[in-house]
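Undergrad: Questions regarding the structure given below will be posed in turn.
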Amino acid sequence: RLAEARSREAHIRQLLGAMRRVNRFLIAEGDPLRLIEGVCSSLVQTLCYYHAAVVLTGDQGAPVRMTAWAGQGGFEAFEGSWKQGRLSPAMDRALARDRLVVVEDLAAEFPGGPHADGLAGRAGMIRRLSEDGRAFGLLLVSMPAEYIDDAEEHVLFEDVAADLAFALRKIDAEKQLQCLWQIVTTVPHPIAYVSADYRYLAVNDVYLDLFDVSRDHVIGHPVAEIVGQDLFEGEIRRRLDQCLAGE
């Protein structure tokens, strides 16, 4: 029992080390492919998991648009199938629900393939990557079977998945703002992009000239602060709510 306790303690330390490596990628990396490749490598290089893979999907869970994996033998045998949208039953379940899916026998979950035997005798965890109501894909790992029912293991893995989903959402939002900025700056009329909580996300120079303010005094600030509280409450909030509702 003492040997088992020491082995589990060493495994948890390895996982915590992997989380520190993952967090460095989450903070610094702005390219989604390099991000998920770095996360997979970090989870494997610290020896806390045998294999790690990320499958990024489009809206509504399909089609698969990007994959990454790390580990010697195993998940790469199925990468081609994933890119064609053919996921395993447990992966489909994980996409359909916002909670951890545990796989006690990965060899049975992923049969066939030239490296499938690399999953023999190993268990796995799969978690949907979701943030702010949007699903980005899946994170899955293979691991020693003796740790598959460990509650602390589950919590730490879910933390990694949540942090990765947040980073993917941040990258996606930044790309959308960049595209929006390119559009806004070419329009010769006052244009502002406003968030759901009525804050400025982007404005063009014409808009700044209209209110005679600098960009630093607009971006991130409430609309009411620029147009005035009375006008905002009396007219603009109602119209923004109409737009946010799809009108």
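Undergrad: All but one of (1) buried (at least 19 other Cβ atoms within 10 Å of the Cβ); (2) at pLDDT 80 or above; (3) touching a Gly at 6+ places or on another chain (Cβ under 6 Å); (4) of a type outside the set (Val, Ile, Thr) hold for residue 65; which doesn't?
TA: Unmet for residue 65, out of (1) buried (at least 19 other Cβ atoms within 10 Å of the Cβ); (2) at pLDDT 80 or above; (3) touching a Gly at 6+ places or on another chain (Cβ under 6 Å); (4) of a type outside the set (Val, Ile, Thr): (1).
Undergrad: Still on this structure, please answer the following. Within the stretch 142-151, is even one residue within 15 Å of residue 52 (Cβ to Cβ), open to solvent by less than 80 Å² (accessible area, probe 1.4 Å) and assigned to a loop (DSSP other than H, G, I, E, B)?
TA: No - not one qualifying residue is present in the stretch 142-151.
Undergrad: Filter the stretch 236-247 for residues that are open to solvent by less than 60 Å² (accessible area, probe 1.4 Å) and either among the charged types (D, E, K, R) or in contact with a strand residue (DSSP E or B) (Cβ under 6 Å, 6 or more places away or on another chain) (or both) and give the result.
TA: none
Undergrad: Can I ask one more? Just the residues that are in a helix (DSSP H, G or I), open to solvent by 40 Å² or more (accessible area, probe 1.4 Å) and within 15 Å of residue 197 (Cα to Cα), please, taken from the stretch 211-228.
TA: Within the stretch 211-228, 225 is the sole residue that qualifies.
Undergrad: Would you check if residue 176 is of a type outside the set (Gly, Ala, Ser), open to solvent by 80 Å² or more (accessible area, probe 1.4 Å) and closer than 30 Å to residue 32 by Cβ?
TA: Criteria met by residue 176.
Undergrad: For the stretch 1-42: of the residues being closer than 21 Å to residue 165 by Cβ and outside any helix (DSSP H, G or I), which is modelled with the lowest pLDDT?
TA: The qualifying residue modelled with the lowest pLDDT is 29.
Undergrad: Residue 118 - would you say it is within 23 Å of residue 81 (Cα to Cα) and not in a helix (DSSP H, G or I)?
TA: When the stated conditions are applied, residue 118 does not pass them.
Undergrad: Sticking with this structure for a sec: Checking the conditions here, which among 183, 171 is assigned to a helix (DSSP H, G or I) and open to solvent by less than 30 Å² (accessible area, probe 1.4 Å)?
TA: From the options 183, 171, the qualifying one is 171.
Undergrad: Please state which one of 157, 232, 166 is open to solvent by 60 Å² or more (accessible area, probe 1.4 Å), of a type outside the set (Ser, Thr, Tyr) and not in a loop (DSSP other than H, G, I, E, B).
TA: 166
Undergrad: Here's another thing I want to ask about it. Residues to consider are 135, 108; find the one that is aliphatic (A, V, I, L, M), over 21 Å from the mean Cα position of the chain (by Cα) and either over 20 Å from residue 44 (Cβ atoms) or in a loop (DSSP other than H, G, I, E, B) (or both).
TA: 108
The values are calculated or read from the model by the stated rules, or taken from the named source; none is laboratory data. The structure displayed is predicted, hence computed values, not measured ones. Glycine also receives a Cβ, built like all others from the backbone with ideal geometry; neighbour counts cover every protein chain displayed. Note: accessible area is taken over every heavy atom of the protein model, side chains too, but ligands, DNA and RNA are not part of it. Shrake-Rupley method; radii C 1.70, N 1.55, O 1.52, S 1.80 Å.
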